[in-house]
There are 4 protein chains.
Amino acid sequence: MPDLPGTCAERPFARTTAQTATRRGTKLAAVRDAYPHRLELQTRWADNDVYGHVNNAHYYVFFDTVINRWLIEQGGLDIHGGSVIGVCAESHCRYAAPLGFPQTIEAGLRVGRLGRSSVRYELGLFAERTEEPAATGWFVHVFVNRASRRPTQIPEPLRAALERLVTTTESG
Amino acid sequence: MPDLPGTCAERPFARTTAQTATRRGTKLAAVRDAYPHRLELQTRWADNDVYGHVNNAHYYVFFDTVINRWLIEQGGLDIHGGSVIGVCAESHCRYAAPLGFPQTIEAGLRVGRLGRSSVRYELGLFAERTEEPAATGWFVHVFVNRASRRPTQIPEPLRAALERLVTTTESG
Amino acid sequence: MPDLPGTCAERPFARTTAQTATRRGTKLAAVRDAYPHRLELQTRWADNDVYGHVNNAHYYVFFDTVINRWLIEQGGLDIHGGSVIGVCAESHCRYAAPLGFPQTIEAGLRVGRLGRSSVRYELGLFAERTEEPAATGWFVHVFVNRASRRPTQIPEPLRAALERLVTTTESG
Amino acid sequence: MPDLPGTCAERPFARTTAQTATRRGTKLAAVRDAYPHRLELQTRWADNDVYGHVNNAHYYVFFDTVINRWLIEQGGLDIHGGSVIGVCAESHCRYAAPLGFPQTIEAGLRVGRLGRSSVRYELGLFAERTEEPAATGWFVHVFVNRASRRPTQIPEPLRAALERLVTTTESG
């Protein structure tokens, strides 16, 4: 994972990197249409911090809200009593432009890689009437047995829901 | 707690271990002593999510709490009226073991790269009486003019405070 | 304010009190129609606490979200630079039934009393397809000068927006 | 900080002062010493809202943090698997002075009424080196069976812990 934002140092909001995510030599645009699932998300008064915009940590709240709603509504995830749950193993966000209450945000979700027991989601957050994302990120869920918390195969209804979000690209 | 997602059998994503962060060919341990600044952080009832542990997004709340307290207390950052503020351009977290209320956490902070207008912090979160981090992450601040929100040189008292956290290593 | 929940002790979710709010000898129903402004609010993954439902503190986040959106969208409140801001002086919530992610909530808002510099809002939160509120509460804003933080007369566009939410009742 | 909304000229709502809470004709001071249990609480960067102080909803996060830590550490409450859990039935807060990150807060906790299955806590939040509370509030827990969610008698170790916080006063 080449996770050094080296180019970021003096060009913090460089759109060239915000607009594309390089993965294994391929490039996937982060424009809205590149996300097969999209969901409008409300901001809240308390999201804004002292600098007047949504606090950086809340972007991850948006991420796992759109992810878990997909898993619940499309994959039948039972967050209260199901035997398999998804735990976050890794997450990342690149902030390109501020968002702020009372804006409504559109979140885009796709699956970048689907493994036996884990999945890597890719996300974009968009302000209304903008094509360029205000933020892009990714988030890794490992599915584990609720009791033992050991990795387990993704059960079928969940896998089917995740497969519908897989995006494949041939080249960059 | 034997349930680390980081130990999952298939290791689906390229990763170093939770204990090391690769940066330009060097390796910096993520053990407590590798962080020159450490701060105890309290957890709160509301941090725990439905799965019984601190929600993944709150780790970033811990990150910018320890960072901003350093900037305020050591660097004289004036979050209410100062002309220069730090905005988050990128953040990342790798989760190795769960944390949960009512635990007390120790956060470790160091500076991995200090540029003209930006800084990359590296962080570790530790449960009590453990040497291995429950989570490691990094966080990029770009310092901008409060009014124009354009990148600006890090002013002197802040730079001096950040320099005290710079850790350099020669090899891995 | 007779604020002892004495009747609550052994009948915690007693609907008789949840359904009505006694105020100065009058009773206002807390059914949906009793709130002139209503807004759908999304829940988020992180709202749920370890007991599986929206944490009690988040109900107040819902309250000031619906309140501030009204002030901004209908009254022209400028939260970033306006000379008058609303600060919370007192708040209260009675919880009648649980709410939980991924539910969508409907919030109801009315004004119970409108003073020279302050306003008391009354709120209800409803699960979908229910007539009885899951929670009722109230919230007092005092409008102050942003710089001095001293109470100030509610400016005209805000007052007009608030007056549209005033509900008066003659008897109970 | 002279900007207490509580001192606003018109005093629009019937209230006692921030320093006293009237209960059945008795008055309990809200000074620090009136709370048998006190706990320091850290603020976090994300607590501050756009107006520069801790958001009103977070005061309730402070409340249930100090309450639940007492129940866990003194009363043996098992929040993950215990058969009895405490759910919030009602809460209230009066805000007298602002609090803000990076302040450390002292929370005071006492029990105002202890019933068969419910308890009413009274709380005060204090800035450092102040005798007058920045906020006072109360919070009602009803103890219920985890599975049925029906009220149940407070089990013995919890009751003993709560009894140690009961404060009784004879007159005002």
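Figures for the structure shown
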quantity: Axis-nearest residue of B (beta carbon) for the B-onto-D rotation, whole Å; calculated: B:Gln42, 3
quantity: Label 7 Å beyond Cα on the Cβ vector: D:Glu128 copy-to-copy distances, nm; calculated: 2.2, 4.4, 4.8
quantity: In the C-D interface, the accessible area buried, summed over both sides, Å² (probe 1.4 Å); calculated: 4000
quantity: Residues in the range D:92-107 that a label on D:Glu128 would reach, taking backbone N under 13 Å of a point 7 Å out along Cα→Cβ; calculated: D:100-106
quantity: Cα-based equivalent ellipsoid of the range A:31-171: semi-axis lengths in Å, sorted from largest, via gyration tensor; calculated: 27, 17, 13
quantity: Relative contact order (%) - criterion: Cα under 8 Å, at least six apart; region: the range B:31-171; calculated: 31
quantity: Bridge type composition, the range C:31-171 - antiparallel percent by DSSP, nearest 5; calculated: 95
quantity: For B:Val31, inter-copy label distances in nm, listed shortest first [label point 7 Å out on the Cα-Cβ vector]; calculated: 5.1, 5.1, 6.9
quantity: Computed magnitude of the charge dipole of the range B:31-171 (debye, nearest 20; Cβ of K, R +1, Cβ of D, E -1); calculated: 540
quantity: Per-residue mean of C-beta atoms belonging to partner chains within 10 Å, peptide D:81-90; calculated: 5
quantity: Low-density loop positions, GluC sites (Glu not before Pro), the range C:103-172 - DSSP coil, at most 12 other Cβ in 10 Å; calculated: C:Glu128, C:Glu131, C:Glu170
quantity: The range B:40-117: Cα Rg divided by the 2.2 N^0.38 Å rule of thumb; calculated: 1.26
quantity: Phi to ³J(HN,Hα) by Karplus 6.51 cos²θ - 1.76 cosθ + 1.60 over the range B:53-58, Hz, x for Gly, Pro; calculated: 10, 4, 4, 4, 5, 5
quantity: Label 7 Å beyond Cα on the Cβ vector: B:Gly81 copy-to-copy distances, nm; calculated: 1.9, 5.5, 5.8
quantity: Pairwise centroid distance, computed over Cα atoms, of the range B:146-161 with the range D:93-140, Å; calculated: 38
quantity: Other protein chain Cβ atoms within 10 Å, averaged over every residue that makes up A:61-70; calculated: 5
quantity: Selection from C:Ala97, C:Asn68, C:Val142, by position along the positive dipole direction of the range C:31-171 (Cβ); calculated: C:Val142
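The values are calculated or read from the model by the stated rules, or taken from the named source; none is laboratory data. Please read all numbers here as calculations on a predicted model, not as lab measurements. All Cβ positions, even for glycine, are placed from backbone atoms using ideal geometry, and neighbour counts span all protein chains on display. SASA here: full protein model, heavy atoms, side chains in, ligands and nucleic acids out. Shrake-Rupley method; radii C 1.70, N 1.55, O 1.52, S 1.80 Å.
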